[in-house]
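K.L.:
This is the structure, below, for whatever I ask next.
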Amino acid sequence: MTAPVTPVALGTDQARTRLHEFTVIDVRTPGEYASGHLPGALNVPLDQLRRALPELRDAAGRGDLLVVCASGRRSADAAARLAGHGITAATLTGGTAAWSEEGHALDRPAACATRSKWAMERQVRLAAGTLVLLGLVLDLLVHPAFRFLSAGIAAGLVFSAVTNTCGMAAVLARLPHNRPRAADLDATLTALRER
């Protein structure tokens, strides 16, 4: 058994100067990917990583992989998972947020220009805020027991911060607008094979 490889984290300037050397894999949801991604990035959502392992292994054998997400957390998770399968991948420190803040261009597909997609963090804020507000309104109008809905969401947010995980994001990622169509993922896997 081979020892797992430790993922390398690159800053935005390091990644930009070497971008032409990398096969860039964006592990965000399709909705997030459509809102803007690194030039040339291919979308393999984190929950589809296992399905893409053969293609990613082949791509890593031909050149370096750079795994990105919005902030760097999911890409670090993806790189660690890949390392567990003997696939070396670098990550982008700070993700696409840091890339954009540094003034580097993001690609936005023309087909997505008319239908804006929300980042996962924004979707989580909307869902959490809506549920807390709903719990408070139902507490006043229907029954005091509904305040436990608001309390449950608050507890979930505290747990999320302490553990650096987000169960609500995992649930929201399964919604249809955040899931890749089979044809989209198949096209990405084909593109990986052809690179």
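None of the figures in this text is laboratory data; all of them are computed from the coordinates on show. Since the structure is predicted, the reported quantities are computational estimates derived from the model, not experimental observations. Reconstructed Cβ throughout: ideal geometry from the backbone, glycine too, with neighbour counts over all protein chains shown.
K.L.:
I'd like the Karplus ³J(HN,Hα) series for region 84-98: coefficients 6.51, -1.76, 1.60, θ = phi - 60°, whole numbers in Hz, and an x wherever there's a Gly or Pro.
P.N.:
Each residue's phi maps through the Karplus curve to give x, 9, x, 9, 7, 8, 8, 10, 9, 4, x, x, 5, 5, 5 Hz.
K.L.:
Now for a separate question. At 7 Å along Cα-to-Cβ for each site, give me the label-to-label distance between Asp64 and Ala83 in nm.
P.N.:
Once both label points are built, they end up 1.6 nm from each other.
K.L.:
Still on this structure: What's the whole-number percent of alpha carbon pairs in the chain lying beyond 29 angstrom?
P.N.:
The answer is 29 percent, as a whole percent.
K.L.:
In nm, what is the difference between 0.36 nm times the number of residues separating Asp186 and Asp47 and their Cα-Cα distance?
P.N.:
48.6 nm
K.L.:
I would also like to ask the following. For region 1-157, what is the charge dipole size about the Cα centre, in debye to the nearest 20, if Lys and Arg each add +1 at the Cβ and Asp and Glu each add -1 at the Cβ?
P.N.:
My answer is approximately 300 debye.
K.L.:
Also, quick follow-up: If amide hydrogens are placed 1.01 Å from N in the peptide plane, which non-local residues have theirs closer than 5 Å to the one on Val68?
P.N.:
Those lying under 5 Å, H to H, from Val68 are Ile25, Asp26, Val27.
K.L.:
List the residues, sorted by chain then number, that are 5 or more residues from Ala41 or on another chain and whose placed amide H is less than 5 Å from its amide H.
P.N.:
Excluding prolines and chain starts, which carry no amide H, there are no hits.
K.L.:
Among the trypsin sites (Lys or Arg not before Pro) in region 123-184, which ones are in a DSSP loop with at most 11 other Cβ atoms within 10 Å of the Cβ? Mind listing them?
P.N.:
Arg174, Arg181
K.L.:
State whether region 120-164 is rounded, prolate or oblate according to the following rule on the C-alpha gyration tensor (a ≥ b ≥ c being the square roots of its eigenvalues): a/c under 1.5 gives rounded; otherwise a/b larger than b/c gives prolate, and the remaining case gives oblate.
P.N.:
Note, shape of region 120-164 comes out oblate.
K.L.:
Could you state the angle between the C-alpha long axis of helix 147-163 and the longest principal axis of the C-alpha atoms of the chain, as a value from 0 to 90 degrees rounded to the nearest 10?
P.N.:
Its long axis makes an angle of about 30 degrees.
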